1. Would you please list the contacts, defined by Cβ atoms under 8 Å and residues six or more apart or on different chains, that run from a residue in segment 113-125 that is aliphatic (A, V, I, L, M) to a residue that is modelled with pLDDT under 75 and surrounded by 15 or more Cβ atoms within 10 Å (Cβ to Cβ)?
2. So, residue 404, is that one among the β-branched types (Val, Ile, Thr) and at pLDDT 85 or above or not?
3. Looking only at segment 36-74, count how many residues are β-branched (Val, Ile, Thr), surrounded by 17 or more Cβ atoms within 10 Å (Cβ to Cβ) and part of a loop (DSSP other than H, G, I, E, B).
4. Quick check: anything in segment 338-353 buried (at least 17 other Cβ atoms within 10 Å of the Cβ), modelled with pLDDT of 90 or more and closer than 22 Å to residue 446 by Cβ?
5. Any residue at all in segment 153-175 that's under 26 Å from residue 103 (Cβ atoms) and among the aromatic types (Phe, Trp, Tyr)?
6. What's the total number of residues in segment 340-362 that are polar (S, T, N, Q) and more than 19 Å from residue 287 (Cβ to Cβ)?
7. Restricted to segment 75-95, and to residues that are out of contact with any strand residue (DSSP E or B) (no Cβ under 9 Å at 6 or more places or on another chain) and part of a loop (DSSP other than H, G, I, E, B), which residue is surrounded by the fewest Cβ atoms within 10 Å (Cβ to Cβ)?
Amino acid sequence: MITGDSIDGVDFISSLPDVILHHILSAVPTKSAIRTSLLSKRWRYVWSETPSLSIDCRRTDPNSIDKTLAFFSAPKITSFHLCTSLLNRIDPLNSWIEFAISHDAEKLSLEFRDFRVRDYKFPDFFYTNSSVKQLFVNSGSVDLIPRCSVSWTSLKNLSLSFCTLSDESFLKILSGSPLLESLELLYCAEYMCLDLSQSPRLKRLEIDRSDWFMGPTKIVAPHLHCLRLRHSRLPCSLVDVSSLTEADLNIYFCDLKTLTADFLQHNVVKMLQMLQNVEKLTIGGTFLQMLSLAALCGVPFPTLKIKTLTLETMIIRSVIPGITKLLRNTSGLRKLTIHTVKGSSISELHLNAYLRLHSLNQRQCWRSKDSVFPGSLETISMLVGKHAESNLVALFMERLLKSTKSLETMVVLLVGYLDASGFEELAAMATTLSHNNDVSVLIKRSYIKCVSNTFPQR
């Protein structure tokens, strides 16, 4: 007879091998794993042999953490996660990090939650670690500037969030991480040039920037295959990304009034030129608006080799010139995904101000047949009825289909558009569009995707 977790009165879970129990306990915080020691004699020491530790000591006495680590008996740690706000107590923090390193932790995750984090300096032994393969540091601008050489000889994945770096310190980190394959720099500050030319194994780079965490203004990465650059309010020069095959750009320029008339030529389109070998490209709505300005100003676009293109955008008229120009310069495009997003965009007031720098009349620039689409300052809710809304989406799809000749598949992921009846109405229109353009059209409801131009502050 089977009842609950027992079979004929025998505790089924307790009868499992230790290796399976360790795997189960690795998925829960260590504090919860310790509680299982009260279940029975069988469970008394199981947690202490689990090779994964996840410790949140923001509301815990450091002495209790020391006792927990003293009972730990596994010879090796596969994963060590520490979340702390005890940076005013440097000695226990350093001893906990040393504990993880001495047990050859392969995955080390350090999360600092304390305003005093800026006063903390990692000890020298932190930078000498031959076991760690994945390192995650999330802090409030912790100083990651080593005073010694760096030796992370097994490190493959490095993720730094809200860390303070310098060009010199970053070169130390890169030179000491010869096996590095993936790098994430999320709202890190003080470094300007990211030279990855001496890191031949590094294939993936993700950077998030803002006004307060500016990040690099120059990227040299000849071996890189995948680049994700997000929320960058400042120009970023791609010097060498010749091996790049996949890119994700959502770049926001907050004040077009401060930009010079040749900005589009020397920054926006030049960035596009550096992506000429990219086959899979994702572009955000604000970058599409910048491309629209470039198209309206007569800036020539490069020819691209994109096979798969994803557009994360609102359906507004200020993205249409950029999209149509981009599609016409991409002769081999096979799949186009339109992922509608909720979020802010560049005001048409700012867009028009930039057009005036070129002595262009904005009323003449925005084509009359695009007037059916809402402007940057309007919202879809201003449309009258769901019929108008489904027509709007269908017109947007039609405009894009007419701008490309090689397309095989169009996928539309809708967020914030259409109720059930409107969705059915659009699906019927999509069938006609598919037949008329010899393109497979797929329409889906998507999860809520919100793109915000509100950035973390210091």
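The values are calculated or read from the model by the stated rules, or taken from the named source; none is laboratory data. Quantities reported herein were computed from a predicted structural model and do not represent experimental measurements. Here the Cβ is made from the backbone with ideal geometry for all residues, glycine too, and neighbour counts use every protein chain on show.
1. Between residues of segment 113-125 that are aliphatic (A, V, I, L, M) and residues that are modelled with pLDDT under 75 and surrounded by 15 or more Cβ atoms within 10 Å (Cβ to Cβ), the close pairs are 117/87; 117/140; 117/141.
2. yes
3. 2
4. yes
5. No, segment 153-175 contains no residue that is under 26 Å from residue 103 (Cβ atoms) and among the aromatic types (Phe, Trp, Tyr).
6. Going through segment 340-362 one residue at a time, the tally reaches 3.
7. 75
Here's the yes/no breakdown for (1) more than 24 Å from residue 304 (Cα to Cα); (2) surrounded by fewer than 18 Cβ atoms within 10 Å (Cβ to Cβ); (3) among the basic types (Lys, Arg); (4) modelled with pLDDT of 90 or more:
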{"position": "208", "(1), (2), (3), (4)": "yes, no, no, no"}
{"position": "221", "(1), (2), (3), (4)": "no, no, no, yes"}
{"position": "243", "(1), (2), (3), (4)": "no, yes, no, yes"}
{"position": "251", "(1), (2), (3), (4)": "no, no, no, no"}
{"position": "281", "(1), (2), (3), (4)": "no, no, no, yes"}
